[in-house]
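Here the structure is laid out as C-alpha cells; the discussion comes afterwards.
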Amino acid sequence: MEISGKVALVTGGSSGIGRATALALAAEGASVAVADIDREGGAETVRAIAEAGGQACFFAGDVSTPDGVRSLFAAVEAACGGIDIVHNNAGIMTGDTPGWPDVGLDKIKLVISVNVAGVMMGTGAAVRALRKRGGGAIVNTASVAALGPMPFDPMYAASKAAVVHFTESCAMLAETENIRVNAVLPGMVDTPIIGKTGDGVNPAEWLRPAIAGTTMLQPEQIADKVLEFIRDDSKIGQAEMVVQPDTPRAAELAAAAED
C-alpha cells in the first residue's frame with residue numbers, strides 16, 4: 001500500500017511507539033490524525049511533525065469506551081475527509097500497587113477496556129471507515145508478553161494475547177473488505193509506559209529485573225515494523241515480533257510467534 005497521500009489515524013500518539021509511528025507516517029507523506037487522552041503530549045507530537053514538514057492534527061480520544069471510539073473516528077473522518085490507515089496503539093500496563101493477585105477489579109477492567117476492547121472497537125470502527133475508501137490497512141500493537149508467562153503483570157500479558165488472536169481472526173477481512181489487519185509484538189521498548197508502572201518516571205520494582213541486562217528497543221524500531229505492515233500487501237493477519245537479540249528467551253519467543 002502506498003502511504004503518501006493517505007490519511008492515517010494513530011491512537012496513543014502522544015509518546016513512545018505512537019509518536020514514532022505518527023512521525024514516520026508523516027515523513028512518508030501521510031496526513032496523520034494523532035489521538036490520545038494526553039492532550040499536551042499529542043500536541044507535542046503534532047508540533048514535531050509540523051517542524052519536520054509533515055501534516056498532522058490532534059484529536060482527543062478515549063478508546064476505552066464505545067462512545068469514545070465512535071466520537072474519535074467521526075471527528076477524524078469529518079476533519080480529514082476519510083481514513084485509510086489505522087494504528088490501534090493505545091495501551092496500558094497494570095501498574096505497581098497493589099500487584100497481582102491483590103490488584104483491584106477496577107484496574108483489571110481498565111486494562112481490558114483499553115488493551116482489548118479498545119483494539120476490538122477500534123478495529124471495527126476502522127473497518128467501517130476504511131471500506132468507504134475501498135480498503136486500507138490496520139496495525140494493532142500487541143507485545144511479546146502475549147507469547148509466554150508474565151507473572152508480574154498477567155493481566156497485561158493476557159490482554160496482549162487477546163490482541164494477537166483477535167488480529168489473526170481478522171485475516172478474512174482482506175478478502176471481504178480489502179482491509180489488511182496485522183499485529184506488531186514489541187519486546188521491551190524505552191517508552192513512558194515503563195515509568196508509568198512505578199512513580200511515573202522510574203519503573204516498578206517488579207519490572208526492574210526484566211529490564212536489567214536487556215538492551216531496550218527504541219520506538220522508531222517498532223514504527224519501522226508498523227510501516228512495513230502497511231506497505232506490504234502480502235501481510236495479512238500476521239503477528240510479528242520486534243526484539244533485541246539479547247532479549248531473554250528470544251529464540252523461544254520467535255518459535256512461539258511462528259506457531
Which residue pairs have Cβ atoms closer than 9 Å, lie 6 or more positions apart in sequence or on different chains, and pair a first residue in region 173-187 that is surrounded by fewer than 21 Cβ atoms within 10 Å (Cβ to Cβ) with a second residue that is assigned to a helix (DSSP H, G or I) and among the charged types (D, E, K, R)?
-> GLU177/ARG131; ASN178/ARG131
Applying the selection to region 18-35, what residues are open to solvent by 20 Å² or more (accessible area, probe 1.4 Å) and out of contact with any strand residue (DSSP E or B) (no Cβ under 6 Å at 6 or more places or on another chain)?
-> ARG19, LEU23, ALA24, ALA27, GLU28, GLY29
How many residues of region 210-231 are assigned to a helix (DSSP H, G or I) and either touching an Asp or Glu at 6+ places or on another chain (Cβ under 7 Å) or modelled with pLDDT of 95 or more (or both)? The answer is 13
If you go through region 222-237 one residue at a time, how many are more than 14 Å from ASN140 (Cβ to Cβ) and either surrounded by fewer than 19 Cβ atoms within 10 Å (Cβ to Cβ) or free of Cβ contacts under 8 Å to residues at least 12 places away in the same chain (or both)?
-> 6
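With the structure loaded, tell me whether GLY134 is within 19 Å of the chain's Cα centre (by Cα) and small (Gly, Ala, Ser) or whether it fails that test.
no
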How many residues, within region 162-186, are assigned to a helix (DSSP H, G or I) and either touching a Ser or Thr at 6+ places or on another chain (Cβ under 9 Å) or not acidic (Asp, Glu) (or both)?
-> 10
How about region 1-56: which of its residues are among the β-branched types (Val, Ile, Thr) and outside any helix (DSSP H, G or I)?
-> ILE3, VAL7, VAL10, THR11, VAL32, VAL34, ILE37
Within region 188-209, count every residue that is outside any loop (DSSP other than H, G, I, E, B), open to solvent by 30 Å² or more (accessible area, probe 1.4 Å), within 16 Å of SER143 (Cβ to Cβ) and at pLDDT 60 or above.
-> 1
State yes or no: is GLY124 at pLDDT 95 or above, within 30 Å of ILE3 (Cβ to Cβ), open to solvent by 20 Å² or more (accessible area, probe 1.4 Å) and over 18 Å from the mean Cα position of the chain (by Cα)?
-> no
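The values are calculated or read from the model by the stated rules, or taken from the named source; none is laboratory data. Just so it is clear, the model here is predicted, and its values are computed rather than measured. So basically every Cβ, Gly included, is an ideal-geometry build from the backbone, and we count neighbours across all protein chains shown. Please note that ligands, DNA and RNA were not included when accessible areas were found on the heavy atoms of the full protein model with its side chains. Shrake-Rupley method; radii C 1.70, N 1.55, O 1.52, S 1.80 Å.
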